[in-house]
Amino acid sequence: MELHYTKSKSPVLSENDVVSSLVLTTAVRSSMARRRERRSPATEDSERRKNRDETKSRDGQVGEPESDRRLIAIFVIFFIAIPAVSMVVYKVKFADRVVVQTESTIRHKGLVKTDIHFQEILTEHSKASENSSTRHYDYPVLAYITPWNSKGYDIAKTFNSKFTHLSPVWYDLKSQGNGLVLEGRHNADKGWIQELRSRGNAMILPRVVLEAIPGELLRKKKLRAKAINLIVTECKELEYDGIVLESWSRWAAYGVLHDPDMRKMALQFVKQLGDALHSTSSPRNNQQHMQFMYVVGPPRSEKLQMYDFGPEDLHFLKDSVDGFSLMTYDFSSSQNPGPNAPLKWIDLTLKLLLGSSNNIDTNLARKVLLGINFYGNDFVISGDSGGGGAITGRDYLSLLEKHKPAIHWDKESGEHLFMYRDDKKMKHAVFYPTLISILVRLENARLWGIGISIWEIGQGLDYFFDLL
């Protein structure tokens with residue numbers, strides 16, 4: 001198995017690397033665990049005596065020649081021991097953040113693989129493990145929940161312990177006359193929040209989209225102070241643990257980020273908001289401050305543009321922001337159909353943000369949350385007009401039931417896809433996450449030393465959460 005590295009020594013995983021590592025590690029641990037469970041000390045003594053006896057001549061048979069034993073020893077050393085040790089060294093070097101590698105139902109059933117059949121998905125997708133609390137990774141996991149996919153609310157309760165942060169998409173900060181208004185309190189579900197907190201320790205950070213006219217907001221000191229006060233006050237009154245702010249893409253659309261002076265004002269506003277939240281005690285723990293996550297988009301090319309969020313911005317905000325929710329999805333569109341988040345593009349994005357030096361700041365890297373999509377896309381690829389768009393898990397299952405397609409693994413992107421023709425004979429390409437595509441990205445996040453953010457949990461399949 002070959003391992004490929006960038007100049008920064010940050011590993012770039014191929015699908016074979018991850019799958020091979022996973023299969024070998026799981027098989028070895030599973031085998032060892034089963035042996036430990038079955039063997040008592042007395043049994044082990046008996047087996048040792050039996051092994052000693054079997055080395056002797058028995059019933060007139062001659063023992064193995066010395067040369068044969070040497071050949072066997074050489075075979076064991078070179079083909080079993082050395083690869084096993086290499087795997088251990090590899091895992092120790094890059095996997096120090098793994099908490100525990102438990103065996104989930106989906107792994108026992110052999111469902112985490114590239115060669116999958118549509119019927120396996122239809123049969124197994126709802127059969128999540130009964131153990132919904134064990135985490136397989138100790139890095140931060142931010143999960144978004146949207147009001148228009150109510151399933152996410154139930155998923156958040158069931159798998160509460162799998163997440164460190166939950167972000168219901170509730171708020172918009174808008175311009176109103178000469179002032180500002182924070183809309184969305186009607187979305188807040190206090191009963192749901194109470195139930196979440198009774199089940200686990202995931203922090204509640206509602207998302208706030210900054211839709212206020214940026215030219216006015218950023219230039220006027222009083223408006224900036226008003227915006228910050230509205231957000232902090234809402235967190236106090238509804239006892240949130242903080243917020244997730246989304247503004248960068250809006251500012252880019254308004255052209256704010258093309259102006260160097262306005263760009264500096266924009267970054268300064270984010271910093272001021274983060275500092276204000278950090279100076280406010282958490283409603284659940286006076287010893288902790290409120291948390292602040294910031295949503296950033298990925299660069300679209302290797303050469304950073306003015307409107308891109310880059311490494312200098314990351315360093316400027318690092319002390320004021322607890323996590324950067326990186327939107328590493330939506331790589332393709334109906335005008336340019338293809339995979340949702342190709343692996344090479346993900347690694348390029350991370351390299352641009354975290355740098356190519358040999359000394360990546362591990363504390364800073366841990367604040368970067370790799371975006372993982374739990375939705376897919378159904379693209380129309382016949383003709384020149386394009387078409388189609390996002391689909392949820394429910395849509396995906398309906399397509400599988402109706403078309404019974406052959407599902408293919410695209411090694412370059414690390415995603416599964418299938419083709420079908422609709423009732424009008426138009427050809428479609430469907431990309432939707434699978435267990436192995438998600439696992440590859442979870443492992444990639446681990447190797448980079450970063451966390452993850454999921455958009456969004458109401459769109460996924462139940463057994464996806466066994467992987468977290």
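Odds and ends about this structure:
- Listed conditions (1) farther than 23 Å from R441 by Cα; (2) touching a residue at least 12 places away in the same chain (Cβ under 8 Å); (3) among the acidic types (D, E) are all met by D384, apart from (2).
- A253 being open to solvent by less than 30 Å² (accessible area, probe 1.4 Å) and within 28 Å of the chain's Cα centre (by Cα): no
- Cβ-Cβ distances below 8 Å connect no pair with a first residue in region 204-224 that is at pLDDT below 95 and open to solvent by 10 Å² or more (accessible area, probe 1.4 Å), a second residue that is β-branched (V, I, T) and assigned to a loop (DSSP other than H, G, I, E, B), and a separation of six or more residues or different chains.
- Filtered by the rule that a residue be over 14 Å from the mean Cα position of the chain (by Cα) and closer than 13 Å to L370 by Cβ, region 327-342 gives no residues.
- Within region 147-166, considering residues that are of a type in the set (G, A, S) and under 20 Å from the mean Cα position of the chain (by Cα), the one surrounded by the fewest Cβ atoms within 10 Å (Cβ to Cβ): S161
- Any chance I346 is at pLDDT 95 or above, outside any strand (DSSP E or B), among the aliphatic types (A, V, I, L, M) and more than 29 Å from T123 (Cβ to Cβ): yes
- Count of residues meeting criterion [among the β-branched types (V, I, T) and farther than 29 Å from D410 by Cα] in region 108-144: 1
- Filtered residue count, region 281-296, keeping only those that are more than 10 Å from V321 (Cα to Cα) and either outside any strand (DSSP E or B) or among the hydrophobic types (A, V, I, L, M, F, W, C) (or both): 10
- Among the residues listed as N187, N229, the single one being touching a Pro at 6+ places or on another chain (Cβ under 8 Å) and among the polar types (S, T, N, Q): N187
- Pair list, Cβ < 6 Å and 6+ apart or interchain, from region 400-412 residues that are within 25 Å of V440 (Cα to Cα) to residues that are surrounded by fewer than 16 Cβ atoms within 10 Å (Cβ to Cβ) and at pLDDT 95 or above: L400/L122
- Residues (closer than 13 Å to K162 by Cα and over 10 Å from the mean Cα position of the chain (by Cα)) located in region 425-461: I457
- From Y137, Y144, residue being part of a strand (DSSP E or B) and open to solvent by less than 20 Å² (accessible area, probe 1.4 Å): Y144
- Residues in region 239-280 that are aromatic (F, W, Y) and at pLDDT 95 or above were compared, and the one that is nearest to Q194 (Cα to Cα) is Y240.
- Restricting region 315-346 to residues that are among the hydroxyl-bearing types (S, T, Y) and under 21 Å from S437 (Cα atoms), the residue that is surrounded by the most Cβ atoms within 10 Å (Cβ to Cβ): S325
The values are calculated or read from the model by the stated rules, or taken from the named source; none is laboratory data. Here the structure is a predicted model, which is why all the values come from computation and not from measurement. Because the Cβ atoms are built from the backbone with ideal geometry, glycine has one as well, and the counts that use them run over all protein chains shown. Keep in mind that these areas ignore ligands, DNA and RNA; they rest on the heavy atoms of the full protein, side chains included. Shrake-Rupley method; radii C 1.70, N 1.55, O 1.52, S 1.80 Å.
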